[in-house]
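**Q** I have a structure here, written as structure tokens, and I will follow up with some questions on it.
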Amino acid sequence: MTDKQKLILAVPKGRILEELMPLLTACDIIPEDDFTNDKSRKLQFTTNHDGLDIIRVRAFDVATFVAYGGAHLGVVGSDAIEEFNYSEIYAPLDLGIGACRLSVAMPTKDAATDDPTKWSHIRVATKYPSLTARHFAKRGVQTECIKLNGAMEIAPALGLAKRIVDLISTGSTLKANNMVEVEKILDVSSRLIVNRSMQKTRVEDMTTWINAFRNAVKNR
């Protein structure tokens, strides 16, 4: 099998990758030695399967690589799936890792007197402008979204936006910045995603890997 015929699995860097590693092992996917080395600048890695390589990219980029065919399978949070809403992405399996929630938060002192049910027009700092706007549009709330890729919790203190929408796990970062969660938008977990076109043209290969991940989750 030539390199052009290889399937590419896109995975995210960081904490999710740590949680993913036991599932990869259960699927009999063993990447080359420096795959888990955070200091490695490599992006593409071979595995013990001649027909499968892994790329290690930013979490949000996993969805884009799979949607546009740069990768054929991927592991990404449901937050990214909802944000981009790519028609070419199919998510057949919840992997049960990376659990957290996407929520609205604001300074604790403001939350005491601000009722979310009475909002009509708000400004929000977030990494998720599309998802956030859709969420509030369902309630008839006009939303001005300011796109930030990080450091969301500092936005209210600097007057950028009174409210933020971000991923929350333990809530410790919010607490450290004198903020509180006021509304949950959705629960988030990591999903196995596949490129719809590749699923049609490489049915047997794609089905094999989907079933491998499904069994790994089931037997965990």
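**Q** In the range 3-50, what residues are touching a Leu at 6+ places or on another chain (Cβ under 7 Å) and not hydrophobic (A, V, I, L, M, F, W, C)?
**A** Of everything in the range 3-50, just one residue is touching a Leu at 6+ places or on another chain (Cβ under 7 Å) and not hydrophobic (A, V, I, L, M, F, W, C), namely Lys6.
**Q** Go through the range 9-23 and give me each residue that's touching a residue at least 60 places away in the same chain (Cβ under 8 Å) and touching a strand residue (DSSP E or B) at 6+ places or on another chain (Cβ under 9 Å).
**A** Within the range 9-23, Leu9, Ala10, Val11, Pro12, Ile16, Glu19, Leu20, Leu23 meet the criteria.
**Q** Which one of Lys184, Lys109 is charged (D, E, K, R) and in a helix (DSSP H, G or I)?
**A** None of the other options fit; the residue is Lys109.
**Q** Tell me which residues, restricted to the range 12-31, are over 16 Å from Ala99 (Cα atoms) and buried (at least 16 other Cβ atoms within 10 Å of the Cβ).
**A** Leu24, Ala26, Cys27, Ile29, Pro31
**Q** Sticking with this structure for a sec: Report yes if some residue within the range 77-99 is polar (S, T, N, Q), crowded, with 17+ Cβ neighbours inside 10 Å and either under 13 Å from the mean Cα position of the chain (by Cα) or not assigned by TED's automatic domain parsing to the domain that holds Met21 (or both); otherwise report no.
**A** yes
Rundown of residues vs (1) in contact with a helix residue (DSSP H, G or I) (Cβ under 9 Å, 6 or more places away or on another chain); (2) in a strand (DSSP E or B), yes/no style:
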position: Val124; (1), (2): yes, yes
position: Arg139; (1), (2): yes, no
position: Leu158; (1), (2): no, no
position: Leu174; (1), (2): yes, no
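**Q** Would you check if there is a residue in the range 188-202 being under 30 Å from Ala71 (Cβ atoms), in contact with a helix residue (DSSP H, G or I) (Cβ under 7 Å, 6 or more places away or on another chain) and part of a loop (DSSP other than H, G, I, E, B)?
**A** yes
**Q** Further, regarding this structure: Considering only residues that are at pLDDT 95 or above and in contact with a helix residue (DSSP H, G or I) (Cβ under 8 Å, 6 or more places away or on another chain), which ones fall in the range 40-50?
**A** Phe45
**Q** Show the residue pairs meeting these rules: Cβ distance below 6 Å; 6+ apart or different chains; first residue within the range 136-161 and small (Gly, Ala, Ser); second residue part of a strand (DSSP E or B).
**A** Listed by first residue and then by second, the contacts come to Ala155/Ala125; Ala155/Ile164; Ala161/Arg123; Ala161/Val124; Ala161/Ala125; Ala161/Ile146.
The values are calculated or read from the model by the stated rules, or taken from the named source; none is laboratory data. These numbers come from a predicted model, not from an experiment. Counting neighbours? That spans all protein chains shown, and the Cβs are built from the backbone with ideal geometry, glycine included.
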